[in-house]
Amino acid sequence: MTNEELQNSAIFPLGQKVEANFIGDAYLQMIFTDETPLNAPIGSVTFAPGARNNWHSHKIGQVLIVTGGEGWYQEEGKLAQLLKTGDVINIPPNVKHWHGATKDSWFVHLAITPGETVWLEAVDGETYNQL
């Protein structure tokens, strides 16, 4: 997905650049933060090509809904999955994983994240570059 394609298909604003726990340029726009009725914040996360987050887990779990571009999702000990627009990933509680853009595409997803996120080490370049 090119910059122009991203701008033409964006559902939500780009948001603020996220520095901590990410490699490369990534942006977060919170969409829903009300504690009632579900207490499940929703954020739109936009990754520039090559950007990714650190390994992490969620105490309650997480759901990702891909809204644009192409990206990777990988659980510890498993092969990475290529994600495209319309894909949905249901991440169980306490599963160590990471997600981010492919090397040549922007990647945008909604993240529904109730509960606490436990941030871990960065995804090393060797692991990422093998994809």
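The values are calculated or read from the model by the stated rules, or taken from the named source; none is laboratory data. This is a predicted model, so every value here is computed, not measured. With ideal geometry, Cβ positions are generated from the backbone for all residues, glycine too; neighbour counts draw on all protein chains shown. Accessible surface areas use protein heavy atoms only, side chains included; no ligands, DNA or RNA. Shrake-Rupley method; radii C 1.70, N 1.55, O 1.52, S 1.80 Å.
Results, tabulated for the structure shown:
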| quantity | calculated |
| --- | --- |
| Flag for Asn94 being under 17 Å from Thr117 (Cβ atoms) and in contact with a Pro (Cβ under 7 Å, 6 or more places away or on another chain) | no |
| Matching residues, the stretch 95-109, being closer than 11 Å to Gln62 by Cβ and open to solvent by 30 Å² or more (accessible area, probe 1.4 Å) | Val95 |
| Residue satisfying condition, being farther than 19 Å from Val108 by Cβ, free of Cβ contacts under 8 Å to residues at least 60 places away in the same chain and in contact with a His (Cβ under 8 Å, 6 or more places away or on another chain), within set Glu76, Glu35 | Glu76 |
| Which listed residue is at pLDDT 95 or above, small (Gly, Ala, Ser), farther than 18 Å from Ile11 by Cα and open to solvent by 60 Å² or more (accessible area, probe 1.4 Å), from Gly24, Gly77 | Gly77 |
| Residue in the stretch 61-71 that is free of Cβ contacts under 8 Å to residues at least 12 places away in the same chain and acidic (Asp, Glu) present | no |
| Test: residue in the stretch 49-59 that is open to solvent by less than 70 Å² (accessible area, probe 1.4 Å), small (Gly, Ala, Ser) and over 24 Å from Ile11 (Cβ atoms) | yes |
